[in-house]
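The structure appears below as structure tokens.
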Amino acid sequence: MNFEFATATRIVFGAGAVNQVGANVKHLGRRALVVTGKNSARAEKLLTSLSASDIGTATFTVGGEPEISTVENGGAFAKKERCDFVVSFGGGSVIDAGKAIAALLTNDGELLDYIEIIGRGKALTQTAAPFIAIPTTAGTGAEVTRNAVLAAPEHQVKVSLRSPLMLPRIAVVDPELTYDLPPALTATTGLDALTQLIEPYVCLRANPLTDGFCEQGIFRVARSLREAVFNGQNKSAREDMALASLFGGLALANAGLGAVHGFAAPVGGSFSAPHGAVCAALLPHVMAANLRALRKRDEKSYALGRYYRIAKILTGNPNATADAGVEWVIKLIAELPVLKLGVYGLREEHLSAIAAQAPNASSMKANPIVLTSDELAQTLRLAL
Ligand SMILES: [Zn+2]
């Protein structure tokens, strides 16, 4: 057995943790670039905490999913404002934008030098500027991952800036920040978290450390996602989902993902479907396709046992079959406010092109079995 495990230097978890950020980052410098979503007023507690510790701030807002130009503009702004470090306060898009800006601050050249697929794909050589990630949704786990997903609309694809030198310095996970998250966003981000716990658990590079996070996280999603969606003020449900999201990030960054995320790159690149909605629409169908393919072509695979274990955790029934796990996920999704991919414009005529693109995605390569192009197209069809 060989594996490696790397994560943020420090993880601070708990309701109210955002109020301690100033004290926790004091040693990193005097001036911070604060990256937020459209409504920067929501970061008020963070800004108060920073100013109480005499840290100056310049705010950079990121409206939607970050593009290459967003990161370049943010990097130029941070340099002009002489920022020593970067603090992201927001969902996955805001965290990824800040993470990439922090990398750009210390590495020469332009962003495209370091981008895979559409750029020159060089490795970063310098540790990123200190980066503090404060998620306000519970799903992406981006606060502990080493990559930033960026949109390249002219290429209709999403690309990653990826390096161990980009791991955040501090991840601050404060469930209080998610209490007001609307039901639909709670549902899609929560189902992204569930996907990011199931895929690393069955993937080719699963290891005992990530397995522990996955089992704990899947249990917490099963126990609390419905409650977090329909009763957002339930503190323990929000705490469970914040933990599940964090555990998913810890697992995916150190084990890998699978076919759901393999599809998410081309689907998300061509259609404006939120990442969580893409994951939700595909998850049960990918589970079913993997189970069928494993039974047909690799019946001794360890992954079959993993699917049994997932079903037992999700259903709470020690005698559950692997298929009962798939049924449980289908039933959960039917109860939640999530839309299928047809709503975002994906049609039958797009399926073969996406099925042809998906195997190139790095996530697809970690799937426990290679799915044929027919199996990929059929899986996508069921998510329309
Ligand atoms: Zn995801």
Per-residue HN-Hα couplings for the stretch 102-114 [Karplus 6.51, -1.76, 1.60; θ = phi - 60°; Hz; x = Gly/Pro]: 4, 5, 5, 5, 10, 10, 5, x, 9, 4, 4, 4, 10
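Please give the per residue accessible area of the stretch 1-149, computed with a probe of 1.4 Å over protein heavy atoms only, in Å². Numbers along the way, then the final one.
Working: 6580 Å² over 149 residues.
With all protein chains present, the stretch 1-149 gives 44 Å² per residue.
If you place +1 on the Cβ of every Lys and Arg, -1 on the Cβ of every Asp and Glu, and leave all else neutral, what size is the dipole of the chain about its Cα centre, to the nearest 20 Debye? Don't skip to the answer; put the middle values down first.
Working: 36 positive and 34 negative charges, 91 e Å.
The calculation lands at about 440 debye.
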For helix 235-254, what angle does its Cα long axis make with the longest principal axis of the chain, in degrees from 0 to 90 and rounded to 10? 80 degrees
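Report the extension gain between N234 and Q216 in nm, rounded to one decimal, defined as 0.36 nm multiplied by the number of residues separating them, less their alpha carbon distance.
Values: separation 18, 0.36 × 18 = 6.48 nm, distance 1.95 nm.
Residue separation times 0.36 nm, minus the Cα-Cα distance, leaves 4.5 nm.
Calculate the dipole size of the stretch 293-381 relative to its Cα centre from +1 charges on Lys and Arg beta carbons and -1 charges on Asp and Glu beta carbons; express the result in debye to the nearest 20. Provide the component values of the computation, followed by the final result.
Details: 12 positive and 9 negative charges, 61 e Å.
That gives a dipole near 300 debye.
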GNM flexibility winner over the chain from N317, N19, N231 (Cα, springs under 10 Å): N317
Degrees separating the helix 302-315 axis from the principal Cα axis of the chain, which is the longest one: 80 degrees
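When ranked by the protection proxy of mean other Cβ atoms within 10 Å per residue, highest first, what sequence do the peptides 83-96, 57-70 form? Don't skip to the end; give the middle numbers.
Values: 83-96: 27.1, 57-70: 18.3.
Result, highest mean first: 83-96, 57-70.
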Please compute the length gained on full extension between N317 and K79, using 0.36 nm multiplied by the number of residues separating them and subtracting their Cα-Cα distance. 80.1 nm
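Figure the gain on full extension for R347 and F3 (residue separation times 0.36 nm, minus the Cα-Cα span) and round it to one decimal in nm. Walk me through the intermediate numbers first.
On the way: separation 344, 0.36 × 344 = 123.84 nm, distance 4.06 nm.
Answer, rounded to one decimal: 119.8 nm.
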Subset of K38/K340; K312/K365; K158/K331; K122/K158 violating a 22 Å alpha-carbon distance limit: K38/K340; K312/K365; K158/K331
Please give, to one decimal in nm, the separation of the simple spin-label points placed at T106 and T57, each 7 Å out from Cα toward the Cβ. 2.3 nm
Expressed as a whole percentage, what fraction of the accessible surface of the chain belongs to carbon and sulfur atoms when a 1.4 Å probe is rolled over the protein heavy atoms? 51 percent
Separation in nanometres of the label points that stand 7 Å from Cα toward Cβ, at D180 and H155: 3.8 nm
Extending each Cα 7 Å along its Cβ direction at E227 and Q20, get the distance between those two points in nm, one decimal. 2.4 nm
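Where nothing but the Cβ of Lys and Arg (+1) and of Asp and Glu (-1) is charged, how large is the charge dipole of the stretch 1-122 around its Cα centre, in debye to the nearest 20?
Details: 13 positive and 13 negative charges, 96 e Å.
Computed about the Cα centre, the dipole is about 460 debye.
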At q = 0.11, 0.12 Å⁻¹, what log₁₀ I(q)/I(0) does the chain have when each alpha carbon counts as one equal point scatterer in the Debye sum? -0.73, -0.87
Only Cα pairs within less than 10 Å get springs; with that Gaussian network setup on the chain, which residue of E349, E327, E335 has the largest fluctuation? E349
Any lysines whose Cα falls less than 18 Å from that of K79, other than same-chain ones fewer than 8 residues away, would be K99
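At a Förster radius of 35 Å, what calculated FRET efficiency corresponds to the Cβ-Cβ distance of T48 and L165, to the nearest 0.05? All intermediate terms of the calculation are to be shown ahead of the outcome.
On the way: r = 31 Å, r/R0 = 0.89.
Here the calculated transfer efficiency is 0.65.
The values are calculated or read from the model by the stated rules, or taken from the named source; none is laboratory data. Fair warning: this is a prediction, and the values are worked out from it, not measured in the lab. Because the Cβ atoms are built from the backbone with ideal geometry, glycine has one as well, and the counts that use them run over all protein chains shown. Accessible surface areas use protein heavy atoms only, side chains included; no ligands, DNA or RNA. Shrake-Rupley method; radii C 1.70, N 1.55, O 1.52, S 1.80 Å.
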